[in-house]
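Here is the structure we will look at.
Nothing in this text is a laboratory measurement; each read-out follows from the coordinates by a stated rule. Everything numeric here is computed off the predicted structure, so don't read it as measured data. Cβ sites come from the backbone with ideal geometry, for glycine too, and all protein chains shown count toward neighbours.
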Amino acid sequence: MRFLKKYSYLLSSYVRAKINFLAAYFKARWCGVFGYSRKCLYSKKFGVSVAYPRWGAVVPHKFSSVMVDIGSGHGEIVEYLSRDSKNLVIGFEVRSRYFKKTLNKVKNRPNAFVFKDNGYEKIFWLFRPLFVSRIIVMFPDPWPKARHAKRRVLRSLWLSRATLLLKLGGDILIATDHKEYFTEINASALSLAQQNSGLKIETGRYEPSRFGLVPTHYYTKMGGGNFVRIVRMG
Ligand SMILES: C[S@@+](CC[C@H](N)C(=O)[O-])C[C@H]1O[C@@H](n2cnc3c(N)ncnc32)[C@H](O)[C@@H]1O
């Protein structure tokens, strides 16, 4: 009985996640974000799959910047960046409560999309290489307990995959108030830059205005943090 309950819970979460995704996908279609007619969207030519369209393959040159915020929280950054209609802004948030908060801020903006999904994984489903201008990860969950540390995603493997999505001059911007996670991210970024001379690493005290961003809820609550920025130069 317990097994059945657990199984039906997992199934319903899966179905809900799929419905959320499809809702965002159809909104994108109706808002004309892809810039092609709906007929084209079905075309195999653009590599679109209904399960998760590769937006990178279908978004033409309508947007000058494509920005992704992983763990959007209250949605301040998605809201702020999507004020400029030249930006295409994608937010990912796994927790329902925060997903709704972000969504409510931008639901009428045709250039902003929020997915209730694992952004660290799904970003690779959405975009092809050399497509994203900026990947923002503000105050990622630090998983402070030793037995949970393996859940930290911002390590060499993920960072090296994510840099491939960046346009030349694009960057990954990570801020955290957690000293140990910061040291780990910084070390991974530096070792990546040693292997790839096209990457430049910057670190320091995080100031949103320096990067054209606004303070997030967590930034304000924690009174700041440090950043690691990985810029793709070549
Ligand atoms: C500490 S909060 C920071 C929120 C926001 N960026 C800020 O600065 O206020 C971390 C957020 O990341 C979200 N999160 C954690 N893992 C995630 C994932 N794999 N994909 C998307 N969001 C995630 C959490 O639900 C949480 O809202």
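Out of residues 5 or more away from Asp69 or on other chains, whose amide H comes under 5 Å of its own, with H placed 1.01 Å from N in the peptide plane?
Ile90, Gly91, Phe92, Ile136
Cross-link candidates for Lys86: which aspartates and glutamates have Cα within less than 19 Å, leaving aside residues fewer than 8 places away along the same chain?
Asp69, Glu76, Asp171
DSSP loop (so not H, G, I, E, B), at most 16 other Cβ within 10 Å: list which trypsin sites (Lys or Arg not before Pro) in segment 154-226 pass both filters.
Working: sites: Arg155, Arg161, Lys167, Lys179, Lys200, Arg205, Arg210, Lys221; in loops: Arg155.
Filter output for segment 154-226: Arg155.
Under the Karplus relation 6.51 cos²θ - 1.76 cosθ + 1.60, θ = phi - 60°, what is the ordered set of whole-Hz ³J(HN,Hα) values for segment 135-149, x standing for Gly and Pro?
Residue by residue, segment 135-149 yields 10, 10, 10, 8, 6, x, 4, x, 6, x, 6, 4, 6, 9, 4 Hz.
Enumerate the amide H contacts of Met233 below 5 Å, restricted to partners 5 or more residues apart or on another chain; note that Pro and chain-start residues carry no placed amide H.
Gly169, Leu199, Lys200
About the Cα centre of segment 79-234, how large is the charge dipole given +1 on each Lys and Arg Cβ and -1 on each Asp and Glu Cβ? Please answer in debye to the nearest 20.
Details: 28 positive and 12 negative charges, 89 e Å.
So the dipole magnitude of segment 79-234 works out to roughly 420 debye.
So what are segment 94-234's ellipsoid semi-axes, whole angstrom, largest first, if each one is the square root of 5 times an eigenvalue of the alpha-carbon gyration tensor? The partial results should precede the final answer.
Details: eigenvalues 102, 77, 50 Å².
Its equivalent ellipsoid spans semi-axes of 23, 20, 16 Å.
May I ask which of Lys5/Lys101; Lys5/Lys122; Lys101/Lys145; Lys101/Lys221; Lys116/Lys200; Lys105/Lys179 have a Cα-Cα span longer than 20 Å here? Working shown, then result.
Working: Lys5/Lys101 29 Å; Lys5/Lys122 28 Å; Lys101/Lys145 28 Å; Lys101/Lys221 17 Å; Lys116/Lys200 31 Å; Lys105/Lys179 31 Å.
From Lys5/Lys101; Lys5/Lys122; Lys101/Lys145; Lys101/Lys221; Lys116/Lys200; Lys105/Lys179, over 20 Å: Lys5/Lys101; Lys5/Lys122; Lys101/Lys145; Lys116/Lys200; Lys105/Lys179.
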